[in-house]
1. Per the Kirkwood treatment, what hydrodynamic radius in Å, one decimal, follows for segment A:72-141 from the mean inverse distance over all distinct Cα pairs?
2. Taking N as the number of residues in chain B, what value does Rg over Cα atoms divided by 2.2 N^0.38 Å take?
3. Report, largest value first, the span of the C-alpha coordinates of segment A:1-144 along each principal axis, in whole Å.
4. Average the reciprocal distances over every distinct pair of alpha-carbons in segment A:124-174, invert the result, and give the Kirkwood radius in Å.
5. Cross-link candidates for A:LYS118: which aspartates and glutamates have Cα within less than 13 Å, leaving aside residues fewer than 8 places away along the same chain?
6. Taking loop as defined by DSSP and a crowding limit of 16 other beta carbons within 10 Å, which trypsin sites (Lys or Arg not before Pro) in segment B:5-40 fit?
7. Going 7 Å from the Cα of B:GLU43 toward and past its Cβ, which residues in segment B:1-35 have a backbone nitrogen under 12 Å from where you end up?
8. Starting at 0 and stepping by 10 Å, how many percent of the alpha carbon pairs of the protein assembly as shown end up in each bin?
Amino acid sequence: MKAAVVTFPGSNCDRDLAVAFERAGFAVNRVWHKDTALSAGTDVVGVPGGFSFGDYLRCGAIAAQSPIAAAIQAHAARGGYVLGICNGFQVLTEMRLLPGVLMRNAGLKFACKTIELKVATTASAFTQGYDMGQSLMIPIAHHDGSYTIDAEGLARLRAEDRIAFTYGHNPNGSMADIAGVLSENRRVLGMMPHPERANDPVLGGTDGAGLFQGLMRGMALA
Amino acid sequence: MKARITVMLKAGVLDVQGEAVRHALGALGFPGVNGVRQGKVIELDLAETDKAAAEAAAKAMCEKLLANTVIESYRIEIL
């Protein structure tokens, strides 16, 4: 399986994300924001955390219009997998690959800590490696993570079982404690917590590794 | 031709920054501030000289990049 990890000016989790994919057995290709195509045979695109373009205008808004974004749109339209973490989640909502928006944290403070994350569905390649309702300890590090969506959109996410993760204790004011959501075809996942930072026992835990390992298995089955 | 674009959160979208400003104004002794909504103003210097065309271009820019219409509304003034 081949993963492509995108780097924007201001990305800072791109290397960690590449390592997480590699440890789960993916062959990783690094892609620059000015590239106009993904390498042939790319199975999953990773959009990393960071502060792309300095969070100017709105978090993720400028990255969502970069040259590589069109290639990511086309990849998703073909049914390709996309994983957006933190700023990557913001980019995917700005690209309209995922519904809703990430607004300023309710407490206005940058939230940087390890939190309890709950698996809200196992019906996706990303989450099928976990148990339903399983608690994971995963770091968060964001200023704009308050997931916001209109009532109709929220009802639809619930009805279609597209809420991937919820917070054990809501750290940012997200509606319905939502920490991660899936696209309609369940092949695009955006999440604010950082599974790639919980991928090595030396660095405080490995609860995030299951996402990448599960994705590898889930994609092989699909 | 210049265009001034005002981007605001839509009515009903909680503006946590505006709320913080409202609290700060109260703490500074300014009574009676019932609400604060914070937005942004973007000024464009356009080569276009036709007003209608400039407005149409600014609208396209708002839809594509300058506003996130999921939560934000925008107002265009051609100056």
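Please treat every number below as a calculation from the coordinates, not as lab data. Values in this document were obtained by computation on a predicted structure and should not be read as measured data. A quick note on method: Cβ atoms are made from the backbone with ideal geometry, for glycine too, and the neighbour counts reach across all protein chains shown.
1. It works out to 14.1 Å.
2. That ratio works out to 1.36.
3. On the principal axes, segment A:1-144 reaches 39, 37, 26 Å in Cα extent.
4. 12.8
5. A:LYS118 reaches A:ASP131, A:ASP177, A:ASP207.
6. B:LYS10, B:ARG37
7. Taking a point 7 Å out along Cα→Cβ of B:GLU43, the residues of segment B:1-35 whose backbone N falls under 12 Å are B:2-5.
8. For the protein assembly as shown, the binned pair fractions read 6, 27, 33, 21, 10, 3, 0 percent.
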